[in-house]
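Undergrad: The structure's right below; bear with me while I get my questions together.
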Amino acid sequence: MFKTKLTATLASAFALALGMASVPAEADLIFNFLPTNTFSGTAPAGTLTADFSVVSANQVQLVITSSLASGENLDPGKALYLNFNDAKVSDLPSLTFALTAFAGGFSEAAVVMAQDDAFKPDGDGATDILFTYGSSTKAFTNGESQTYLITDTAGTLSPSDFDFPSDCGSGCGTGSHLAAIHVQNTPSGGSGSAFVGACDAGLPGCTSGPPNDAPEPSALALLGGALAALGLTRRRRKSS
């Protein structure tokens with residue numbers, strides 16, 4: 001009787017552990033804005049990243065980090081352009097953006113506008129979300145970062161909802177972009193400016209790697225416990 005119950009318990013543990021391991025956690029979505037992705041103007045010397053990660057079923061954290069060169073900054077009125085899931089554009093008015101942390105002294109919260117295909121970086125392609133700051137702000141100089149909690153008050157939200165190209169239906173001379181920034185004083189405090197895109201998904205330096213298929217820690221612990229119990233059962237059988 002004891003062996004039967006133990007065998008059933010082990011089978012259940014294995015099934016649960018394997019089930020948990022087969023459901024991957026969604027990986028971060030990371031956009032790298034590189035000088036080589038400049039599609040208009042004089043390329044910057046530095047870079048910027050936008051990192052989206054899961055917080056809850058309807059919340060995503062966005063960390064914007066500047067590694068722009070000394071003297072370079074984002075245009076406050078055209079800082080960051082993002083796209084949104086085409087199948088969920090009705091949720092755009094329900095998105096909220098709350099500044100939760102900052103580094104490097106840049107504490108001004110962005111005014112974020114969200115409207116389907118309303119914003120065109122250099123008139124090239126149409127995006128859905130635009131981050132803006134006060135006209136006198138030097139946004140995201142070297143070493144500065146900001147963290148935003150993005151909430152969809154109307155439904156679910158995930159990093160993959162921001163992994164969509166801009167709409168080129170109304171003209172897109174340099175191709176579609178997953179996101180874009182407008183950098184001023186390029187390069188390295190010079191007199192130029194540039195629109196820099198996050199290049200097509202799958203190309204080096206543009207988005208994160210493949211989804212994290214590693215089992216969750218809890219699944220590994222459960223699987224380890226099941227294996228240990230199985231080993232103990234085998235030793236008892238041999239000793240008897």
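The values are calculated or read from the model by the stated rules, or taken from the named source; none is laboratory data. Computed from a predicted structure; not experimentally measured. Note that each Cβ is placed from the backbone with ideal geometry, even for glycine, and that neighbours are counted across all protein chains shown.
Undergrad: Is it true that PHE102 is buried (at least 17 other Cβ atoms within 10 Å of the Cβ), out of contact with any Pro (no Cβ under 6 Å at 6 or more places or on another chain), touching a residue at least 40 places away in the same chain (Cβ under 8 Å) and of a type in the set (A, V, I, L, M, F, W, C)?
TA: Spelling it out, it is not the case that PHE102 is buried (at least 17 other Cβ atoms within 10 Å of the Cβ), out of contact with any Pro (no Cβ under 6 Å at 6 or more places or on another chain), touching a residue at least 40 places away in the same chain (Cβ under 8 Å) and of a type in the set (A, V, I, L, M, F, W, C).
Undergrad: Please give the number of the condition ASP161 fails out of (1) touching a strand residue (DSSP E or B) at 6+ places or on another chain (Cβ under 7 Å); (2) over 16 Å from THR49 (Cβ atoms).
TA: It is condition (1) that ASP161 fails.
So that you can scan it fast, the table gives a plain yes or no per residue for (1) of a type in the set (Ser, Thr, Tyr); (2) touching a Leu at 6+ places or on another chain (Cβ under 7 Å); (3) surrounded by fewer than 17 Cβ atoms within 10 Å (Cβ to Cβ); (4) farther than 18 Å from LEU130 by Cβ:
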{"position": "ALA27", "(1), (2), (3), (4)": "no, no, no, yes"}
{"position": "THR36", "(1), (2), (3), (4)": "yes, no, yes, yes"}
{"position": "SER40", "(1), (2), (3), (4)": "yes, no, no, no"}
{"position": "GLY46", "(1), (2), (3), (4)": "no, yes, no, yes"}
{"position": "VAL54", "(1), (2), (3), (4)": "no, no, no, yes"}
{"position": "GLN61", "(1), (2), (3), (4)": "no, yes, no, yes"}
{"position": "SER70", "(1), (2), (3), (4)": "yes, no, yes, yes"}
{"position": "ASN83", "(1), (2), (3), (4)": "no, yes, no, no"}
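Undergrad: Which of the residues spanning the stretch 110-133 are surrounded by fewer than 14 Cβ atoms within 10 Å (Cβ to Cβ) and closer than 16 Å to THR147 by Cβ?
TA: Of everything in the stretch 110-133, nothing turns out to be surrounded by fewer than 14 Cβ atoms within 10 Å (Cβ to Cβ) and closer than 16 Å to THR147 by Cβ.
Undergrad: Output yes when any residue across the stretch 157-177 is in a strand (DSSP E or B) and either closer than 17 Å to ASN37 by Cα or touching a helix residue (DSSP H, G or I) at 6+ places or on another chain (Cβ under 6 Å) (or both), and no when none is.
TA: Checked against the condition, which is being in a strand (DSSP E or B) and either closer than 17 Å to ASN37 by Cα or touching a helix residue (DSSP H, G or I) at 6+ places or on another chain (Cβ under 6 Å) (or both), the stretch 157-177 yields no hits at all.
Undergrad: Filter the stretch 80-137 down to residues that are under 20 Å from THR49 (Cα atoms) and among the hydroxyl-bearing types (Ser, Thr, Tyr), then give me how many there are.
TA: Final tally of qualifying residues: 7.
Undergrad: Determine if the stretch 130-142 includes at least one residue that is among the hydrophobic types (A, V, I, L, M, F, W, C), modelled with pLDDT under 95, within 15 Å of ASN83 (Cα to Cα) and in contact with a helix residue (DSSP H, G or I) (Cβ under 9 Å, 6 or more places away or on another chain).
TA: Scanning the stretch 130-142, I find no residue that is among the hydrophobic types (A, V, I, L, M, F, W, C), modelled with pLDDT under 95, within 15 Å of ASN83 (Cα to Cα) and in contact with a helix residue (DSSP H, G or I) (Cβ under 9 Å, 6 or more places away or on another chain), so the answer is no.
Undergrad: All but one of (1) assigned to a loop (DSSP other than H, G, I, E, B); (2) surrounded by fewer than 16 Cβ atoms within 10 Å (Cβ to Cβ) hold for PRO93, so report the exception by its number.
TA: Among (1) assigned to a loop (DSSP other than H, G, I, E, B); (2) surrounded by fewer than 16 Cβ atoms within 10 Å (Cβ to Cβ), the lone unmet condition for PRO93 is (1).
Undergrad: Right, something else. Considering only residues that are aromatic (Phe, Trp, Tyr) and assigned to a strand (DSSP E or B), which ones fall in the stretch 96-145?
TA: PHE97, PHE102, PHE119, PHE131
Undergrad: Could you tell me whether any residue of the stretch 81-89 is within 16 Å of PRO159 (Cα to Cα) and assigned to a strand (DSSP E or B)?
TA: Yes; the residues of the stretch 81-89 include at least one that is within 16 Å of PRO159 (Cα to Cα) and assigned to a strand (DSSP E or B).
Undergrad: Would a scan of the stretch 145-153 turn up a residue that is touching a helix residue (DSSP H, G or I) at 6+ places or on another chain (Cβ under 6 Å), crowded, with 19+ Cβ neighbours inside 10 Å and under 21 Å from ALA57 (Cβ atoms)?
TA: yes
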